[in-house]
Amino acid sequence: MGARFDHLSGALAAFIARQPMFFVASAPLSADGHVNVSPKGLDSFRVLSPTRVAYLDLTGSGNETSAHLLENGRVTLMFCAFEEPPLILRIYGMGRTVSPADPDWAELSLHFEVLPGTRQIIDITIREVQTSCGHGVPLMAFQGQRERIPAWAEAKGPEAMAAYRQAKNRRSLDGLPTALD
């Protein structure tokens with residue numbers, strides 16, 4: 001059955017470390033705005049302390065999470081076990097976008113292998129952790145990570161990546177500015 005906590009225990013942090021993917025959800029304050037849910041993979045997530053986590057955010061076709069964090073800070077992360085034993089873990093928190101130009105980048109980026117295509121780091125202070133059974137999640141076998149984004153970014157080069165971000169990542173679907181704007 002489900003439980004609620006104000007921090008990540010060592011056992012929950014170990015569960016997170018075993019998961020090959022997680023999901024990020026955010027939303028604007030406007031009821032008419034788009035709710036965003038994004039799957040994330042690669043070796044991009046870190047537990048920094050029992051009350052703080054972060055993930056390396058790679059360039060994509062949009063930048064919704066950054067816009068929502070800039071507007072209201074709210075973010076939810078979900079990890080689910082696709083192997084036994086079943087478990088779903090949600091982290092509810094307040095986040096911020098840290099870009100390579102930010103003063104905190106040097107210290108925060110040390111926790112990651114910064115991959116080609118890295119756009120920013122999402123830094124999250126945990127408000128609540130919730131677990132639930134996960135018995136409805138299917139069993140699936142992990143085959144491997146897709147390396148497409150880092151390879152695409154490396155082939156494009158830094159200047160073309162900067163231009164892509166300016167064209168595609170400065171505003172949300174709802175027209176909200178991102179940390180890149």
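The values are calculated or read from the model by the stated rules, or taken from the named source; none is laboratory data. Note that the coordinates shown come from a computational prediction; the quantities given were computed from them, not determined experimentally. Methodologically, a virtual Cβ is constructed for each residue, glycine included, from the backbone with ideal geometry; neighbour enumeration extends over all protein chains shown.
Selection of helices (runs of 4 or more DSSP H) fully inside the stretch 102-181 by the criterion of at least 1 residues being more than 20 Å from the chain's Cα centre (by Cα) returns 148-156, 158-168. Of all the residues in the stretch 7-60, those that are among the hydroxyl-bearing types (Ser, Thr, Tyr), assigned to a loop (DSSP other than H, G, I, E, B) and surrounded by fewer than 18 Cβ atoms within 10 Å (Cβ to Cβ) number 3. When the test is whether a residue is crowded, with 16+ Cβ neighbours inside 10 Å, touching a residue at least 40 places away in the same chain (Cβ under 8 Å) and farther than 21 Å from residue 167 by Cα, residue 114 does not pass it. For the stretch 82-98, state whether one or more residues are within 16 Å of the chain's Cα centre (by Cα), within 16 Å of residue 21 (Cβ to Cβ) and not in a strand (DSSP E or B). No, because not a single residue in the stretch 82-98 is within 16 Å of the chain's Cα centre (by Cα), within 16 Å of residue 21 (Cβ to Cβ) and not in a strand (DSSP E or B).
For the stretch 119-148, enumerate the residues that are in contact with a Pro (Cβ under 8 Å, 6 or more places away or on another chain) and either closer than 20 Å to residue 64 by Cβ or among the polar types (S, T, N, Q) (or both). Answer for the stretch 119-148, where residues must be in contact with a Pro (Cβ under 8 Å, 6 or more places away or on another chain) and either closer than 20 Å to residue 64 by Cβ or among the polar types (S, T, N, Q) (or both): 120, 145.
Within the set 174, 123, 181, the sole residue that is touching a residue at least 24 places away in the same chain (Cβ under 8 Å), surrounded by 14 or more Cβ atoms within 10 Å (Cβ to Cβ), in contact with a Lys or Arg (Cβ under 8 Å, 6 or more places away or on another chain) and of a type outside the set (Val, Ile, Thr) turns out to be 123. Based on this model, can you work out whether residue 109 counts as closer than 21 Å to residue 63 by Cβ and either at pLDDT below 95 or of a type outside the set (Asp, Glu) (or both)? For residue 109, the condition - closer than 21 Å to residue 63 by Cβ and either at pLDDT below 95 or of a type outside the set (Asp, Glu) (or both) - is met. Being in contact (Cβ under 8 Å) with a residue 12 or more places away in the chain and under 10 Å from the mean Cα position of the chain (by Cα) is a property that residue 30 lacks.
There is no residue in the stretch 92-100 that is at pLDDT 95 or above and on the phi > 0 side of the Ramachandran plot. Taking first residues from the stretch 129-151 that are within 21 Å of residue 88 (Cα to Cα) and modelled with pLDDT of 95 or more and partners that are in a helix (DSSP H, G or I) and not aromatic (Phe, Trp, Tyr), the Cβ contacts under 9 Å between residues at least 6 apart in sequence or on separate chains come to 129/12; 131/12. Summed over the stretch 130-146, the residues that are of a type in the set (A, V, I, L, M, F, W, C) and in contact with a Gly (Cβ under 9 Å, 6 or more places away or on another chain) give a count of 1. Residue 134 falls short on exactly one of the conditions (1) more than 23 Å from residue 8 (Cα to Cα); (2) out of contact with any Phe, Trp or Tyr (no Cβ under 6 Å at 6 or more places or on another chain), and that condition is (1).
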